[in-house]
Amino acid sequence: MSKHLSVSQTLELLDRLKLTIRETAATEEKLDQEYRLQRAAALRGFEQSSEDHTTRHAEERQASEASCQAARAQHLARYEYRHNRLEQARQSSNTVCSNESATRRAAANTPPKRA
């Protein structure tokens, strides 16, 4: 014996199938919309984070460069100070040495004192 469905049963099953398809399509649309919203929010968050990072990096780099310039200027000032002190000491040493040489030459050219 064959178990064929009656026309009314077939129509009822078709109606249930149509309803299930509509519900599935609605659920799919809802999930798709939620996904798009979450994706857009994530992209905005990423862009904001990227901008914040870029800004913070630029500020840190600028501060680092300023600090480097200040340290460089300080080291240059120390170098100049030491260089000038060494130059003064060298000139002073040359003056003392030339005075001593002149004194020795003068002493060598004078006749010995007689007692």
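Please treat every number below as a calculation from the coordinates, not as lab data. Values in this document were obtained by computation on a predicted structure and should not be read as measured data. Ideal geometry is used to build each Cβ from the backbone, glycine not excepted, and the neighbour counts take in all protein chains shown.
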Net dipole in debye of the chain [+1 Lys, Arg Cβ; -1 Asp, Glu Cβ; about Cα centre; nearest 20]
1620
Pick out, from Q38, L5, H75, the residue whose Cα sits farthest towards the positive end of the charge dipole of the chain, with +1 on the Cβ of Lys and Arg and -1 on the Cβ of Asp and Glu.
H75
Rounded to the nearest 10 degrees, what's the angle between the helix 7-109 long axis and the longest principal axis of the chain, both from Cα atoms, 0 to 90?
0
